[in-house]
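No lab work stands behind these numbers, since they all come straight from the coordinates. Just so it is clear, the model here is predicted, and its values are computed rather than measured. As a convention, Cβ positions derive from the backbone with ideal geometry for all residues, glycine included, and neighbour counts pool all protein chains shown.
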Amino acid sequence: MFEKKTAKKIVAAILGCAFALNISTVAFAADGDSIKKDRYEAESAQLKGIDIKAVTNAAASGGKKVGWINVPDKDTLTFKINAPAAGEYLIEEGYDNGMGDARQSVSVNGKKYSVQLPSTGSWDEYAVSDGVRVTLNEGVNVVVISAKTGFAELDYIDVSAAPAE
Ligand SMILES: [Ca+2]
């Protein structure tokens, strides 16, 4: 018998899946070509460290961001991102930074990159970082973002195929 309780459970399971999946958006390059971006919310990443925590903010993508990314190499966010094919991709950070210019480390399958996060003027004012050009394997890749200098907060990362150099 199909009870209301069971139906609720199924709905909860479907919603659970929807939130676990990343959301794709489409942007347009200067030449009019469309660029598919896969968004991974920071608050859905695995958070580890000392100060780091997700905080609610209405202006953030998904209504939340991750703040208190303070302690160098200790406060980390781990994302599992899926690439349709091996190759070069851009990782952009959606972030806010109410203090001085900051820098975070971006490790992709163990290879280290760095992202600059200039001040956005105040907290809850968001900007998008320059894309960090990284190499991804086909399938699942492990991306670890960690504090280096400053105190920028992370809203999301967008991943897209890198343009030809
Ligand atoms: Ca977010």
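Values for this structure:
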{"read-out": "Radius 10 Å from Cβ of Val26, net charge of other residues (Lys, Arg +1; Asp, Glu -1)", "value": "+2"}
{"read-out": "Extended-chain gain in nm, criterion 0.36 nm per residue less alpha-carbon gap, Glu88 and Ala58", "value": "7.5 nm"}
{"read-out": "For Tyr89, net neighbour charge (Lys/Arg +1, Asp/Glu -1) across residues whose Cβ lies under 15 Å away", "value": "-2"}
{"read-out": "Estimated inter-spin distance, Gln46 and Ala127, nm [label 7 Å along Cα→Cβ]", "value": "3.2 nm"}
{"read-out": "C-alpha center-to-center spacing [segment 94-151, segment 40-93] in angstrom", "value": "9 Å"}
{"read-out": "Trypsin sites (Lys or Arg not before Pro) restricted to segment 73-132 and DSSP loop, no more than 15 other C-beta within 10 Å", "value": "Lys74"}
{"read-out": "Least to most buried among Val144, Val115 (fewest other Cβ within 10 Å first)", "value": "Val144, Val115"}
{"read-out": "Residue-count net charge about Val66 - beta-carbon cut-off 13 Å; Lys, Arg +1, Asp, Glu -1", "value": "-4"}
